[in-house]
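Data block below; observations after.
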Amino acid sequence: MPYDPRVPSESDSSIASAWERAALVADAGSIEPWDGEVVSDDPLRFADVKPYRERLVEARERTGLGESVLTGRATLGGRPLVVIAGEFGFLGGSIGVATGERIARAFERALAERLPVVALPASGGSRMQEGTLALAQMAKLAAAARRLRDGGLPYVVVLGHPTTGGVLASWGSLGTVTAALPHALLGFAGPRVVELLRGSPLADGVQRSETLLAQGMLDAVLAPEEVRGWVGGVLAVAAAGPVPPPAADSASVAGSAPPVGVPRAPSPEIAPAGDLGGVAPAGARDAWVSLLHARDRRRPGADAVLAAFATDLTELRGDRGGRPDDPACLIALARLLGHHAAVIAQRRAPDGAPRALVAAGYRKARRAMALAAELRLPLVTIVDTPGAELSEAAERGGLAYEIAGCLADLSTLPVPALALLLGEGGSGGALALLSGDRVVCAEHASLGVIAPEGASAILYRDRDHAAELAASQGGASWQLLESGIADVVVPEPRPAHEEPDAFLARLGETLARELTALLARPPAERLAARRRRWRTVGAAGD
């Protein structure tokens, strides 16, 4: 994987050096370089048209650096971090033994000092003048990045133009979150190598950052001036450490009274509704009408919930499987109701219609679960879907396997997991994101084994019996509360779409209380309760 130099793209042309890359995130004057004495020699006594040692001297004189990366400590908004910045002007940013040693030491020091790492690579890959020894740096650096992440520390990567070969195929692709600059060339082999070895070039745009974003391999494509804010937002959640619960006199939630952060014993309940009254009395309950409210396109969805209660929100893209991103699944890092959290939400379409997730959406959700565990963040899921997508593509994509994976991952997730059933919950496609520690349910939300229309079609070969079957399936909010599937119901004296602000106020109070209580429970006790909860649901004598 030799380096394949290319002229930087127009968007990247102002970033000519490692120092300038580091300055995209570092506070002015804050960079303290490390390991300047670690420089390449000539382990293979390599020469092409000129000796390798001469090339090294020329590269040092041209860039002012002793190697193709700058590593060191810096700050971003006063927050300490470790920065690794590529110098493409130094032999195409290629990675030799000394370069690998600098990067490995930076990861190790970050782990020892409990600091996040921000990497800004620009490289053509492994350095062919150092041969297999350079190639082996891929294993060293992939392991170093993994150890950092296993230690619960965030690793943020912003890929520059170009990033190819052994860099992209190791530490450049292992970020907790990953962005790239616009139009950056990103690929395993550079275009010159591909064309010469396979006899024809790749299609235009295949190795560009925008393509990788569409294929779920990046979380964002950022202009240089956007990098600092984006990285800062990620670190504000991922590297902030525990946050105390909101004080009793804190700012109100969506116009409501402030949330009360007092842990309480878990028990099914109806959330208070203030002057608007509680859930409708039993005789007035109609599961079919409730379901129609859940499906209403005017109903507040996940975006409305996050707009009301989330700050420092960084939306992430893709499942890292090289498949198109599923826009119906939103995953994010955010400060939610005073707590740093990972979020998974089933997101409505722009016109308000609930959407079904495809297999890639559930893979994306599993990525968020893994990030929550890795960063020691509670997980909040928002369920609002008619069910998983029913299509040939979904089946070929492994839909059932990914739903099963979500259920299995949630069952052992080591961090608190709070679920909000906000709208219609269609079958396994909804349950995949519900089976955590606690379930908050809106009054006009439901969880069904099958849509009532589908049940009618199976049993009566028509749709005319949907209303009566809606009541018989046990999926309305008050039925979920009675069966122990839901823990608390947020009342809707009027449907949420008719009074969204009041509904969101009640919802915010409930979510804040539930999340605070979950975080206060000892982990072993919480995990045991989760296992017991889903082991005994519906069991005889339960």
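The values are calculated or read from the model by the stated rules, or taken from the named source; none is laboratory data. In this text, all values refer to a predicted model and were calculated from it rather than measured experimentally. FYI the Cβ positions are ideal-geometry reconstructions off the backbone, even for glycines, and counts take in every protein chain you see.
Scanning the stretch 160-176 for any residue that is surrounded by fewer than 16 Cβ atoms within 10 Å (Cβ to Cβ) and at pLDDT below 95 turns up nothing. Checked against (1) more than 24 Å from V25 (Cα to Cα); (2) assigned to a helix (DSSP H, G or I), A189 passes all but condition (2).
Pairs linking a residue in the stretch 333-350 that is assigned by TED's automatic domain parsing to the domain that holds A310 and at positive phi to a residue that is part of a loop (DSSP other than H, G, I, E, B) and modelled with pLDDT of 95 or more, with Cβ atoms under 8 Å and 6 or more positions apart or on different chains, do not occur.
Does R73 fit the bill of being part of a helix (DSSP H, G or I), at pLDDT 95 or above, of a type outside the set (A, V, I, L, M, F, W, C) and closer than 25 Å to L174 by Cα? Here the answer is no, as R73 does not meet what is asked. Strands (runs of 3 or more DSSP E) fully within the stretch 410-477 that include at least 3 residues being at pLDDT 85 or above, of a type outside the set (S, T, N, Q) and assigned by TED's automatic domain parsing to the domain that holds A368: 417-426, 438-442. Selection of the stretch 283-299 for residues being buried (at least 23 other Cβ atoms within 10 Å of the Cβ) and farther than 22 Å from H465 by Cβ yields only R299.
For the stretch 216-231, the count of residues that are surrounded by fewer than 21 Cβ atoms within 10 Å (Cβ to Cβ), within 16 Å of the chain's Cα centre (by Cα) and modelled with pLDDT of 85 or more is nonzero. With the structure loaded, tell me whether D487 is in contact with a Lys or Arg (Cβ under 6 Å, 6 or more places away or on another chain) and under 23 Å from L371 (Cα atoms) or whether it fails that test. When the stated conditions are applied, D487 does not pass them. For the stretch 97-106, check the following and say yes or no: at least one residue is basic (K, R), more than 18 Å from L235 (Cα to Cα) and modelled with pLDDT of 95 or more. Among the residues of the stretch 97-106, at least one is basic (K, R), more than 18 Å from L235 (Cα to Cα) and modelled with pLDDT of 95 or more, which makes the answer yes. Considering the stretch 485-523, and only residues there that are more than 11 Å from A442 (Cβ to Cβ) and among the β-branched types (V, I, T), the residue that is surrounded by the most Cβ atoms within 10 Å (Cβ to Cβ) turns out to be I485. Do we have any residue at all in the stretch 32-54 that's in a helix (DSSP H, G or I), at pLDDT below 95 and crowded, with 20+ Cβ neighbours inside 10 Å? Yes, the stretch 32-54 has at least one match. Is it true that some residue in the stretch 297-319 is in the same structural domain as L421 (by TED's automatic domain parsing) and at positive phi? Among the residues of the stretch 297-319, at least one is in the same structural domain as L421 (by TED's automatic domain parsing) and at positive phi, which makes the answer yes. Might you let me know whether the stretch 114-124 holds any residue that is under 14 Å from W171 (Cα atoms), touching a helix residue (DSSP H, G or I) at 6+ places or on another chain (Cβ under 9 Å), part of a helix (DSSP H, G or I) and not basic (K, R)? No, every residue in the stretch 114-124 fails to be under 14 Å from W171 (Cα atoms), touching a helix residue (DSSP H, G or I) at 6+ places or on another chain (Cβ under 9 Å), part of a helix (DSSP H, G or I) and not basic (K, R). Scanning the stretch 385-399 for residues that are exposed (fewer than 14 other Cβ atoms within 10 Å of the Cβ) and not in a loop (DSSP other than H, G, I, E, B) yields E392, A393, E395, R396. As a summary of the residue check, E113 satisfies the conditions (1) free of Cβ contacts under 8 Å to residues at least 40 places away in the same chain; (2) under 24 Å from V206 (Cα atoms); (3) surrounded by fewer than 24 Cβ atoms within 10 Å (Cβ to Cβ) except for the one numbered (2).
Take the residues of the stretch 19-31 that are surrounded by 13 or more Cβ atoms within 10 Å (Cβ to Cβ) and free of Cβ contacts under 8 Å to residues at least 40 places away in the same chain: which is nearest to L91 (Cα to Cα)? Explain how you work it out, then say what you get.
Step one: filter the stretch 19-31 for residues surrounded by 13 or more Cβ atoms within 10 Å (Cβ to Cβ), giving 19-27, 30-31.
Those still in the list that are free of Cβ contacts under 8 Å to residues at least 40 places away in the same chain too: 20, 23.
Working: E20: 17, A23: 21 Å.
Filtering first and then ranking leaves E20.
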